Amino acid sequence: QAKTRKNWVEVFSDELELKSQKTAAIEHHLRSAIEENEIYLNYQPQLNNQTELHGVECLVRWQNSSLGFVPPDEFIKIAEEMGFMPTLGHHITRLALTEMAQLQKHLNKRFHISINASIKQFMQEQFFDDFMDCVTKSGIPPKYITIEVTESILIEDVNFILSILDQFRRKGIAISLDDFGTGYSSLSLLRELPIQELKIDKVFVDDILDDSKDASLVKNIINIANEFDIVTLAEGVETVEQFNKLRAYECDLYQGYYFSKPLAVKDLEKYIEKHNIV
Ligand code: C2E
Ligand code: CA
Ligand code: CA
Ligand code: CA
């Protein structure tokens with residue numbers, strides 16, 4: 001029987017092979033995902049401390065006939081590596097702004113729209129023009145649009161990135177620093193980057209009730225951001241207790257399952273009809 005048992009090296013290499021097969025399958029199907037209409041968007045509400053709707057974050061979804069539902073955490077990384085992110089990112093931007101322009105027109109109400117952008121999009125020459133083209137065609141005033149970036153944008157040519165961020169800022173589009181507090185982000189980023197919003201990562205929000213160090217970290221981040229006139233948004237708020245504590249710290253905006261999961265456009269419409277808009 002010992003013979004049929006695999007040693008750990010064999011198990012490990014089997015896993016590697018499975019993983020690369022999965023990656024290869026994702027790559028393969030992703031190339032046709034846009035034409036096959038498999039890409040769609042969900043929108044998660046972002047609220048102020050009165051729980052009025054401030055805006056929505058656009059989150060990409062992919063449902064493939066043979067792979068099933070593939071979470072964005074899995075396929076975005078692969079899309080980046082295979083050079084597909086500029087195409088996918090542009091598709092997401094155009095779809096998000098088209099859908100939200102339609103909904104805003106239908107409801108006769110404006111609200112903010114946050115779109116995630118990958119470093120791979122920033123490094124592409126036409127990114128700024130393509131993005132602005134989508135904005136113009138949508139008819140949504142730029143002041144309602146936010147681009148969410150992570151600190152990873154700084155691993156590339158910093159001056160180049162800063163110049164693009166500045167171009168957006170001059171058009172009135174806000175830049176939000178996503179996942180703040182994870183990775184290597186330091187407070188000096190708040191001084192160096194032309195950002196208007198900072199998203200406090202879920203890992204801190206998770207622990208603010210029972211970890212006093214995390215709580216004081218969050219409190220101080222909010223205070224510093226306030227001094228820099230940067231709006232703070234807490235991510236992954238799941239309980240009323242977390243919301244109340246963040247509110248006591250004077251956080252500006254909130255997003256998380258406590259308020260709403262990411263919603264399909266139809267459900268977002270119902271949500272907005274039931275809620276006040278700022
Ligand atoms: P992210 O930008 O940090 O997005 C927040 C993630 O947290 C989303 O996961 C959202 O569904 C989830 N979330 C929100 N509230 C809660 C909560 O209260 N509890 C928990 N447990 N989770 C919550 P999602 O949609 O699976 O996206 C994962 C990541 O994939 C995103 O993290 C982002 O990095 C990437 N992503 C998603 N959509 C896009 C996109 O359109 N473009 C790019 N470049 N990346 C995207
Ligand atoms: Ca985000
Ligand atoms: Ca985040
Ligand atoms: Ca902790």
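Check whether at least one residue in the range 242-260 is of a type in the set (Asp, Glu) and free of Cβ contacts under 8 Å to residues at least 24 places away in the same chain, and report yes or no. No. Restricting the range 135-168 to residues that are charged (D, E, K, R) and surrounded by 17 or more Cβ atoms within 10 Å (Cβ to Cβ), which is nearest to ligand 2 (Cβ to nearest atom)? Among those that are charged (D, E, K, R) and surrounded by 17 or more Cβ atoms within 10 Å (Cβ to Cβ), it is 148. For the range 164-192, a residue qualifies if it is β-branched (Val, Ile, Thr), within 16 Å of ligand 3 (Cβ to nearest atom) and at pLDDT 95 or above, and exactly one does: 175. Using the structure shown, decide if residue 146 is touching a helix residue (DSSP H, G or I) at 6+ places or on another chain (Cβ under 9 Å) and either under 20 Å from residue 100 (Cα atoms) or within 16 Å of ligand 3 (Cβ to nearest atom) (or both). So residue 146 fails the test. Can you tell me which residue within the range 169-185, out of those that are open to solvent by 50 Å² or more (accessible area, probe 1.4 Å) and farther than 17 Å from residue 152 by Cβ, is farthest from ligand 1 (Cβ to nearest atom)? Looking at the filtered set, the residue picked out is 170. Of the residues making up the range 45-73, those that are within 16 Å of ligand 2 (Cβ to nearest atom) and open to solvent by 20 Å² or more (accessible area, probe 1.4 Å) are 54, 59, 61, 71, 72, 73. Each residue in the range 208-222 was checked for being without any contact (Cβ under 8 Å) to a residue 24 or more places away in the chain and open to solvent by 60 Å² or more (accessible area, probe 1.4 Å), and 4 pass. Applying the set (1) within 13 Å of ligand 2 (Cβ to nearest atom); (2) under 18 Å from residue 42 (Cβ atoms); (3) open to solvent by less than 20 Å² (accessible area, probe 1.4 Å) to residue 111 leaves exactly one unmet item: (1). Residues that are more than 22 Å from residue 53 (Cβ to Cβ) and of a type in the set (A, V, I, L, M) number at least 3 in the following helices (runs of 4 or more DSSP H) confined to the range 198-272: 212-227.
May I ask you to list the residues in the range 186-207 that are more than 19 Å from residue 57 (Cα to Cα) and either surrounded by fewer than 20 Cβ atoms within 10 Å (Cβ to Cβ) or over 18 Å from the mean Cα position of the chain (by Cα) (or both)? The answer is 186, 187, 188, 189, 190, 191, 192, 194, 206, 207. Exactly one residue among 94, 5 is within 16 Å of ligand 1 (Cβ to nearest atom), open to solvent by 50 Å² or more (accessible area, probe 1.4 Å) and farther than 27 Å from residue 237 by Cα, and that residue is 94.
The values are calculated or read from the model by the stated rules, or taken from the named source; none is laboratory data. As the structure is a prediction and not an experimental result, all values here were calculated from the model. Note that we place each Cβ from the backbone using ideal geometry, even for glycine, and neighbour counts take in every protein chain shown. Heavy atoms of the whole protein, side chains included, go into the accessibility calculation; ligands, DNA and RNA do not. Shrake-Rupley method; radii C 1.70, N 1.55, O 1.52, S 1.80 Å.
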